[in-house]
Amino acid sequence: MSSLEPDPDDASTGPLHLEKVRERAASPGYSRFDAPLSVNPRPVHNDRRPVVLLAAAAVVALGVLAWLFWPSADDSAESEGVTTTTTQTESPQEAEGRLMGMLPKGYAPDACEGVVPPKDALAQVSCTRNADAGGPLSATYTLVKDDESLRAMFDGVVSASSVVNCPGNIQSPGPWRRNATPQQVAGTLVCGFQQGKPTVAWSTDAALMVSEVQSGPQGPNMVQLYTWWASHS
């Protein structure tokens with residue numbers, strides 16, 4: 001069963017009797033619409049949300065994969081640490097050979113020999129007389145592993161010495177510089193006496209090396225020893 005209801009666009013005319021409605025619908029040429037229907041569709045907007053969601057999901061997935069497989073900072077540091085350790089580690093024999101290559105000139109081939117290095121040292125060499133003018137009668141050269149060890153080793157030499165100013169009233173301990181680079185501190189120098197023996201000691205920062213040379217009661221004296229150092233450091 002169907003029923004006819006007034007069109008919403010029609011003006012309100014009050015209640016209609018069913019018979020009048022039927023007569024009106026049966027009359028020739030009757031139409032409910034005075035004008036033909038027209039279609040005015042709005043533009044169809046495709047729902048892009050699924051595409052956006054898929055793209056976002058792809059980005060997230062790529063981010064997760066990158067996080068899983070990209071090396072972390074810690075991993076890189078560990079990898080670099082392994083490489084650094086491998087390249088910087090040398091055997092005691094290699095360290096001793098490197099130290100031998102840094103000794104001052106004036107020593108005979110058999111004047112120096114390796115000895116057991118102290119704690120925190122990589123190598124140590126003990127030498128007898130240096131044949132150059134004013135050269136020491138004995139010397140010890142030590143190669144250490146880092147700046148902290150260098151300071152500790154040098155402070156030990158200073159503590160074991162009766163410290164005096166170096167010839168020319170040069171501060172002792174104090175910084176020393178090479179003539180070629182007077183603006184750059186090369187290390188620290190100290191002059192003193194150990195058991196009455198003139199002693200000159202110095203650190204070489206760039207090489208992580210501590211050098212200690214001594215004379216004897218019969219000479220050379222402090223001025224001669226210092227002069228030798230000035231031309232051999």
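Values in this text are rule-based calculations from the coordinates and carry no lab data. Because the structure is a prediction, the values reported are computed rather than measured. Cβ placement follows ideal geometry from the backbone for every residue including glycine, while neighbour counts extend to all protein chains displayed.
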(message) 7 Å from Cα along Cα→Cβ at both residue 128 and residue 158: what's the point-to-point distance in nm?
(response) 3.4 nm
(message) Please give me the summed charge of the neighbours of residue 120: other residues whose Cβ is under 9 Å from its Cβ, Lys and Arg +1, Asp and Glu -1.
(response) 0
(request) Between residue 184 and residue 90, take the C-beta separation as r, use R0 = 22 Å, and let me know the FRET efficiency to the nearest 0.05. (result) 0.25
(message) P(r) for the stretch 97-157, please, calculated from all Cα pair distances in 5 Å bins and given in %.
(response) 4, 18, 28, 21, 17, 10, 2
(message) How much length would be gained if the chain were fully extended between residue 119 and residue 177, taking 0.36 nm per residue of separation minus their Cα-Cα distance, in nm to one decimal?
(response) 18.1 nm
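Translational diffusion coefficient, Stokes-Einstein: compute it for the stretch 109-233 using the Kirkwood radius over C-alpha pairs as Rh, at 25 °C and 0.890 mPa s, and state it as an integer in µm² s⁻¹. Intermediate values should be presented prior to the final figure.
Working: Rh = 14.6 Å.
The diffusion coefficient I find is 168 µm²/s.
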(message) Using the basic label-point model (7 angstrom from Cα toward the beta carbon), what is the residue 146 to residue 218 distance in nanometres?
(response) 4.6 nm
